[in-house]
Amino acid sequence: MIDRPTSSFTDLLESLGLEPTWSLPDGGGALDVPVATTVLALRFADGVVMVGDRQATEGHLVAHRTIRKVFEADRFSAVAISGTAGIAVDLVRLFQTELEHYEKLEDTRLSLEGKATYLGRMVRQQLPLVFQGLVVVPLFAGYDESDRIGRLYTFDVVGGRYEEHEYGATGSGSRDAKSYLRASFADDLDEDAALDLGVKALVAAAQDDTATGGPDLARGILPNVVMVTERGFEEIDEPRVRDLATAALEAVK
């Protein structure tokens, strides 16, 4: 038993011998598992926008067409996943619980930078799985309540955390997405322009990266699109996303 509760939920589990593990047995070899592909985020005047495609792949095959990759981390932040889908989703759930646990015990939210640092620590704990080919690389963004601006962070496979001042992306189509954002990003984007640019960048990535699933209007498969501002986390409703997707697809014809 521990002497007192700790503000870290993971540390609490470890103290009780209940910490989750994702280890593989020696000689387990690589596994064919669904892999989530492309997610991106960008800053705008009032906060951040985050967009994720809906496709997961197993090698050259489509494993899922409607997987969710963008999640609410807490009221003022969002996290998106790329890499091994099952492990990534579990990582997000543990991260959400960690932030909720901290807030309940400390009666305050962890700072945005503190959240990003802790997420990097969680990624680093998965390093043994990287050598088995089970890579998880998140994308994190939110609204900094102290500085009243949006911030976004990218990570590497060893848990390195990097703040991006304009935009970021991860996953198989990230290079194409960032190329589009690099050519079109402006410092004075408003909400509508940021949402439009985020969806167009995802569609641009889907044009050249076969693992990235673009919008499928006929099947009703649309990207996950969220934004975080001083109002908090907001998921963009389906009719608005459909309009954005329609405009993005028209632009690449």
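The values are calculated or read from the model by the stated rules, or taken from the named source; none is laboratory data. None of the values given here were measured: they were computed from a predicted structure. Note: areas computed on protein heavy atoms with side chains; ligands, DNA, RNA excluded. Shrake-Rupley method; radii C 1.70, N 1.55, O 1.52, S 1.80 Å.
What does the C-alpha gyration tensor say about the overall shape of the chain? Classify as rounded when a/c is under 1.5, otherwise prolate if a/b is larger than b/c, or oblate.
oblate
Quantify, in whole percent, the carbon and sulfur part of the accessible surface of the chain (1.4 Å probe; protein heavy atoms only).
Exposed carbon and sulfur together represent 47 percent of the surface.
In square angstrom, rounded to the nearest 10, how much accessible surface does ASP243 have for a 1.4 Å probe?
Surface open to solvent at ASP243 totals about 110 Å².
Could you give the accessible area per residue of the chain, probe 1.4 Å, as a whole number in Å²?
Each residue of the chain exposes 48 Å² on average to a 1.4 Å probe.
Give the shape of the range 42-186 as rounded, prolate or oblate, defined through the alpha-carbon gyration tensor: a ≥ b ≥ c are the square roots of its eigenvalues, a/c under 1.5 means rounded, and otherwise the shape is prolate if a/b is larger than b/c and oblate if not.
It comes out oblate by the Cα gyration axes.
Largest first, what is the accessible-area ranking of PHE131, PHE71 with a 1.4 Å probe?
Of PHE131, PHE71, the descending order of accessible area is PHE131, PHE71.
List the residues whose amide H sits under 5 Å from the amide H of GLY213, counting only those 5 or more places along or on another chain, with H placed 1.01 Å from N in the peptide plane.
Correct list: THR38, ARG54, GLN55.
Angle check, please: helix 174-184 long axis (alpha carbons) against the longest principal axis of the chain (alpha carbons), in degrees 0 to 90, nearest 10.
Long axis of 174-184 versus the principal axis of the chain: about 50 degrees.
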